[in-house]
Amino acid sequence: MRTPEQSLRLWSAFRCYLGVFVYTRRMFNFEVKDIVRFVDETKVRPDYLHNFVNIYQIHRIDGEKITLQRDYAEDIIVNRCDITGVPMDGKDDRFIYFDPIIMASIVMPGDPVPVHNRDYTYYLDANVTFPHNKTMRDFIEENGFKYVHELQHYLREHYQTDDLKINI
């Protein structure tokens, strides 16, 4: 006879296995700073501003336990199988924007200091030019990215930063 705690642990492991198989159909190789979402939207907790938005950034990975983070929200520790990639569909990823680092300007004495405002435009509509004069959308279509974290991995590998942020 199993104790209730053992039964719950077994059910959680089984549900976790089913969740990976049924919802994602493959395991994603997530890294720290990847943008992800919950497989089961009922697990989304409101942030301090009472937003129920299913999008988070990975803060820490400890084996099968992953710590998710978002501005104005408490950190959430989840199992790896409880999260999945964010599809690039304009619906699930609508709160992501591209925020590149702007290099410091050289200002001579007496010259005005340039001001740079953050652009919160949806990342696929951002005014970004990749090599060979490609827009972000052209670049994604050419490389066949389907999930935001795939684009993030490519940008980190080739440009050492991904500059994608969550705006909620």
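Brief remarks on what is shown
- Size descriptor for region 54-139, Kirkwood hydrodynamic radius: 16.4 Å (Cα pairs only, one decimal).
- The three principal axes of the Cα atoms in region 14-168 give end-to-end lengths of 66, 38, 28 Å, sorted in falling order.
- Cross-link partners of LYS134 among aspartates and glutamates, defined as those whose alpha carbon lies under 14 angstrom from its own and excluding same-chain residues fewer than eight positions apart: ASP125, GLU142.
- Potential lengthening between LYS165 and ARG118 on full extension [0.36 nm per residue; Cα-Cα distance subtracted]: 15.8 nm
- Shape class for region 94-168: prolate, because the ratio a/c of the largest to smallest gyration tensor axis (alpha-carbon atoms, square roots of eigenvalues) is 1.5 or more and a/b beats b/c.
- Ellipsoid semi-axes in whole angstrom, largest first, where each is sqrt(5λ) of the Cα gyration tensor of region 110-149: 29, 13, 7
Read-outs throughout are calculated quantities, based only on the coordinates presented, and are distinct from any laboratory measurement. Predicted, not measured: the structure shown is a model, and the values here were computed from it.
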